[in-house]
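Report on the structure given below.
The values are calculated or read from the model by the stated rules, or taken from the named source; none is laboratory data. As the structure is a prediction and not an experimental result, all values here were calculated from the model. Virtual Cβ from ideal backbone geometry, glycine too; neighbours counted across all protein chains shown. Note: areas computed on protein heavy atoms with side chains; ligands, DNA, RNA excluded. Shrake-Rupley method; radii C 1.70, N 1.55, O 1.52, S 1.80 Å.
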Amino acid sequence: MQVSSLNEVKIYSLSAGRSLPEWLSDRKKRALQKKDVDIRRRIELIQDFEMPTVSTKIKVSRDGQYIMAVGTYKPRVRCFDTYQLSQKFERCLDSEVVTFEILSDDYSKIVFLQCGRFVEFHSQHGHYYRTRIPKFGRDFSYHYPSCDLYFVGASSEVYRLNLEQGRFLNSLQTEASESNVCDINPVHFLFAMGTAEGKVECWDPRTRNRVGLLDCALSSVTADTEIEGLPSISALKFDGALNMAVGTSTGQVLLYDLRSSNPLIVKDHHYGLPIKLVQFQHQLDLIISADSRIIKMWNKDTGKIFTSMEPEHDINDVCLYPNSGMLMTANEAPKMNIYYIPVLGPAPKWCSFLDNLTEELEENPESTVYDDYKFVTRKDLENLGLAHLIGSSLLRAYMHGFFMDIRLYHKAKMMANPFAYEEYRREKIRQKIEETRAQRVQLKKLPKVNKELALKLIEEEGEEQQISKKRKQKNLPSLLKDDRFKVMFENPDFQVDEQSEEFRLLNPLVSKISEKRKRKLKILEELEAQGQEEEEEPEGKASDAESSESSDDEKGWVEEVRKQRKLLRQEEKLKRQERLKEDQQTLLKPQFFEIKEGEEFRSFKDSAKKQKLMKKTLEDRLKIEEKLGTLNVSDTTVGSKQATFKLKKSEQQRKQQEAEKQHRQERKSLRRSASHLKSRRGRGQLFH
């Protein structure tokens with residue numbers, strides 16, 4: 001039995017190890033078990049739990065007694081009885097099975113969908129009936145209230161076969177070119193099908209009308225995903241009345257609430273392989289999704305990985321035994337794998353001894369093979385002086401380095417560096433000194449840009465840390481250490497301008513507070529220049545004086561605001577006077593402008609209007625053009641905006657259109673006068 005662990009979740013592979021051939025006698029099998037330790041320690045949970053070459057699908061009956069699997073070659077179905085831990089029966093079929101469904105609680109009613117468009121029914125004694133559907137099928141579902149089988153495949157139609165009447169009913173006509181998977185909700189029996197275009201169509205079996213459409217292909221594309229083609233739906237599963245999980249051909253799993261068209265979570269397998277199946281594990285609120293390479297278990301609320309399994313061979317199907325921690329897989333290999341994960345649930349009743357076995361293994365953990373070996377790189381070997389051992393039996397090549405015996409590694413290290421203990425001792429002494437230094441008052445290294453702002457943040461963090469210690473709360477992260485605000489203390493373009501109007505009005509007490517900080521800054525700069533390790537207390541006012549000063553600052557807040565406003569008004573008056581003096585000194589010179597060909601000069605107002613329009617934002621210009629009728633903005637079905645523009649006509653085009661219009665009117669008047677003269681002449685001849 002092989003044990004692996006990922007995220008502190010232990011996975012026991014019950015089918016690991018070599019399998020003995022069927023043609024061996026019992027005597028030879030016993031002899032092999034005595035010689036080979038791996039054969040002696042292996043666990044054969046169900047006898048001959050395998051297929052001749054490949055297993056494609058595996059399912060458990062509703063009563064939990066029978067496990068059924070289909071495979072090749074030749075195409076066959078095998079039924080295993082869990083109470084007897086052996087094979088119940090085996091039946092060979094005419095063609096390969098695409099998928100199958102167990103309709104009854106036991107193995108007495110089974111439906112097989114085969115490759116050659118055949119649908120085969122089996123009863124308890126064996127083959128019962130065989131029929132054919134018009135197009136090749138890919139999946140089917142059974143609707144219990146009406147006894148209807150819904151078949152989807154290489155057609156736009158969903159074929160319905162009623163098992164009570166024994167005849168085909170009117171098919172459902174869909175908008176899809178082909179359908180890959182389907183499923184029926186166990187609560188309200190809503191029928192859903194996944195199409196090749198990446199959409200999920202939901203149908204009501206009572207009215208036989210489509211009630212919903214989900215575009216999963218568009219929702220599966222995120223900023224991190226790289227998709228070459230259009231994702232199609234490859235897996236579909238309902239959970240309860242409202243939740244539905246969808247797997248795509250590009251390796252994404254989408255979790256939907258049926259009341260919303262947007263997915264709750266999009267999980268990517270990062271392999272680019274089609275999702276084979278999706279299942280729900282209700283005890284721990286997990287979703288089990290699998291492609292041909294990996295089985296992943298993740299939380300359906302957060303999307304966090306719980307654990308994963310990578311079998312040796314490609315995966316065709318996964319089956320979770322109900323109300324237990326057992327998992328079975330159908331692979332591209334003769335042997336079907338069985339895994340037991342105690343965290344998911346207890347072992348089934350028919351193999352309850354697995355719980356005792358795993359508990360004993362956890363109490364007496366065995367050391368793994370890698371505990372006796374050390375992984376070293378080529379550079380480590382050169383440092384140890386063991387590069388000449390590359391290629392010998394003492395080193396085993398693995399990935400970008402080598403495995404070597406841990407005893408040999410320790411001996412080589414002692415010879416290469418005999419003073420290692422002295423270095424270790426110095427390192428420990430240095431760590432102890434740093435721990436004692438950390439308790440002293442340390443100098444605060446301030447950044448080059450926005451020093452006062454950094455000092456203010458450091459003071460506020462110190463106060464918050466004291467409060468959080470008293471309240472036993474977690475400390476919030478520092479803005480100075482945050483990479484998002486790193487540029488604000490490095491780039492001089494982000495320097496705060498203290499002389500600006502906004503800064504002075506928003507910070508009325510900035511003058512007094514900045515004086516205190518400037519004093520601290522001067523002291524810190526002096527200490528840095530002198531290279532002192534401990535921070536000296538700045539001479540000046542005591543802490544009591546500072547507290548009294550802060551209370552005075554609060555009282556004089558209004559007066560400070562008024563002073564700042566008066567200063568701002570005086571500065572504005574001085575600036576206006578300077579501008580007037582400059583205007584009086586400057587001499588105006590005439591300016592000449594060149595007019596483009598084909599344009600007529602009317603006035604300076606048009607150019608002024610154009611300049612005003614150019615200064616306005618794009619949003620204001622679009623609003624003006626909408627009022628004039630030259631722009632039309634409308635929403636599309638996808639959710640984006642569509643804008644259509646009408647080009648303005650120039651003066652020459654307007655004059656040309658007016659001349660053409662006048663010419664047309666003249667021609668119309670000439671035609672009318674000519675027809676009037678002809679009618680008068682005809683009347684005169686008649687009267688003659």
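Residue-wise test of (1) in the same structural domain as S104 (by the TED database); (2) in contact with an Asp or Glu (Cβ under 7 Å, 6 or more places away or on another chain); (3) farther than 26 Å from C92 by Cβ; (4) open to solvent by 30 Å² or more (accessible area, probe 1.4 Å).
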residue: H125; (1), (2), (3), (4): yes, no, no, yes
residue: Y128; (1), (2), (3), (4): yes, no, no, yes
residue: R138; (1), (2), (3), (4): yes, no, no, yes
residue: H143; (1), (2), (3), (4): yes, no, yes, no
residue: D148; (1), (2), (3), (4): yes, no, yes, no
residue: V152; (1), (2), (3), (4): yes, yes, yes, no
residue: Y159; (1), (2), (3), (4): yes, no, yes, no
residue: N162; (1), (2), (3), (4): yes, yes, yes, no
residue: Q165; (1), (2), (3), (4): yes, no, yes, yes
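State yes or no: is L214 under 22 Å from M297 (Cα atoms), open to solvent by 10 Å² or more (accessible area, probe 1.4 Å) and assigned to a strand (DSSP E or B)? Give the derivation first.
Numbers: under 22 Å from M297 (Cα atoms): no; open to solvent by 10 Å² or more (accessible area, probe 1.4 Å): yes; assigned to a strand (DSSP E or B): yes.
Considered against the rule, which asks whether it is under 22 Å from M297 (Cα atoms), open to solvent by 10 Å² or more (accessible area, probe 1.4 Å) and assigned to a strand (DSSP E or B), L214 comes out as no.
Go over the candidates S260, S249 one by one and state the one that is crowded, with 20+ Cβ neighbours inside 10 Å and small (G, A, S).
Values: S260 fails: crowded, with 20+ Cβ neighbours inside 10 Å.
So the residue among S260, S249 that is crowded, with 20+ Cβ neighbours inside 10 Å and small (G, A, S) is S249.
Going by what's in this entry, would A454 be described as more than 30 Å from D380 (Cβ to Cβ), at pLDDT 80 or above and assigned to a helix (DSSP H, G or I)?
Values: more than 30 Å from D380 (Cβ to Cβ): yes; at pLDDT 80 or above: yes; assigned to a helix (DSSP H, G or I): yes.
It is true that A454 is more than 30 Å from D380 (Cβ to Cβ), at pLDDT 80 or above and assigned to a helix (DSSP H, G or I).
Going residue by residue through region 228-249, is there one that turns out to be touching a Gly at 6+ places or on another chain (Cβ under 7 Å), assigned by the TED database to the domain that holds D317 and among the acidic types (D, E)?
The answer is no, given that none of the residues of region 228-249 is touching a Gly at 6+ places or on another chain (Cβ under 7 Å), assigned by the TED database to the domain that holds D317 and among the acidic types (D, E).
Can we say N170 is of a type outside the set (F, W, Y), exposed (fewer than 12 other Cβ atoms within 10 Å of the Cβ) and assigned to a strand (DSSP E or B)?
Yes.
Answer yes if at least one residue in region 145-153 is among the polar types (S, T, N, Q) and assigned to a strand (DSSP E or B), and no otherwise. Give the steps one after another, and end with the answer.
Residues of region 145-153 that are among the polar types (S, T, N, Q), as a first pass: 146.
Checking the rest, the ones that are also assigned to a strand (DSSP E or B) come to none.
Scanning region 145-153 turns up no residue that is among the polar types (S, T, N, Q) and assigned to a strand (DSSP E or B).
Only one of these conditions is not met by V70: (1) at pLDDT below 90; (2) within 22 Å of Q124 (Cβ to Cβ); (3) among the β-branched types (V, I, T). Which number is it?
Exception for V70: condition (1).
Criterion first (more than 22 Å from V318 (Cα to Cα) and assigned to a loop (DSSP other than H, G, I, E, B)) does S219 satisfy it?
When the stated conditions are applied, S219 does not pass them.
Which of the residues spanning region 301-334 are among the small types (G, A, S) and either in a strand (DSSP E or B) or not assigned by the TED database to the domain that holds M68 (or both)? Outline the logic, then answer.
So the first thing to find is which residues in region 301-334 are among the small types (G, A, S), and the list is 303, 308, 324-325, 330, 333.
The answer is S308, A330.
Within region 312-329, is there a residue that is in contact with a Cys (Cβ under 6 Å, 6 or more places away or on another chain), at pLDDT 90 or above and open to solvent by less than 30 Å² (accessible area, probe 1.4 Å)?
Yes, because at least one residue in region 312-329 is in contact with a Cys (Cβ under 6 Å, 6 or more places away or on another chain), at pLDDT 90 or above and open to solvent by less than 30 Å² (accessible area, probe 1.4 Å).
Quick check on region 123-137. Is at least one of its residues farther than 30 Å from L230 by Cβ, touching a Phe, Trp or Tyr at 6+ places or on another chain (Cβ under 8 Å) and not in a strand (DSSP E or B)?
Checked region 123-137: at least one residue is farther than 30 Å from L230 by Cβ, touching a Phe, Trp or Tyr at 6+ places or on another chain (Cβ under 8 Å) and not in a strand (DSSP E or B).
Looking at the structure I just gave you, is D81 in contact with a strand residue (DSSP E or B) (Cβ under 6 Å, 6 or more places away or on another chain), at positive phi and assigned by the TED database to the domain that holds D291?
Answer is no for this residue.
Tell me which residues, restricted to region 74-96, are more than 22 Å from V318 (Cβ to Cβ), open to solvent by 30 Å² or more (accessible area, probe 1.4 Å) and not in a strand (DSSP E or B).
If the condition is that a residue be more than 22 Å from V318 (Cβ to Cβ), open to solvent by 30 Å² or more (accessible area, probe 1.4 Å) and not in a strand (DSSP E or B), then K74, Y83, Q84, D94 are the ones that fit.
Could you list, ordered by first residue, the pairs with Cβ atoms under 7 Å in which the first is in region 398-412 and exposed (fewer than 12 other Cβ atoms within 10 Å of the Cβ) and the second is at pLDDT 85 or above and of a type in the set (S, T, N, Q), at least 6 apart or interchain?
Matching pairs, first to second residue: H400/T377.
Give the number of residues within region 366-396 that are part of a strand (DSSP E or B) and at pLDDT 85 or above.
Keep residues of region 366-396 that are part of a strand (DSSP E or B), which gives 373-377, 396.
Then drop every residue that is not at pLDDT 85 or above, which leaves 375-377.
Matching residues across region 366-396 total 3.
Out of the residues in region 424-437 meeting the condition of being open to solvent by 100 Å² or more (accessible area, probe 1.4 Å) and modelled with pLDDT under 80, tell me which one is farthest from F375 (Cα to Cα).
Per the stated criteria, the residue is R437.
Report yes if some residue within region 162-175 is aliphatic (A, V, I, L, M) and either in contact with a Ser or Thr (Cβ under 8 Å, 6 or more places away or on another chain) or under 22 Å from K267 (Cβ atoms) (or both); otherwise report no.
No - not one qualifying residue is present in region 162-175.
Go through region 311-340 and give me each residue that's touching a Ser or Thr at 6+ places or on another chain (Cβ under 7 Å) and of a type in the set (V, I, T).
Residues satisfying the conditions are I315, V318, I338.
Within region 371-397, which residues are open to solvent by 80 Å² or more (accessible area, probe 1.4 Å) and in contact with an Asp or Glu (Cβ under 8 Å, 6 or more places away or on another chain)?
Correct list: D372, Y373, L394.
Please report, ordered by residue number, the helices (runs of 4 or more DSSP H) entirely within region 552-654 with at least 2 residues that are modelled with pLDDT of 70 or more and over 51 Å from the mean Cα position of the chain (by Cα).
Where helices (runs of 4 or more DSSP H) fall fully within region 552-654 and carry at least 2 residues being modelled with pLDDT of 70 or more and over 51 Å from the mean Cα position of the chain (by Cα), they are 557-585.
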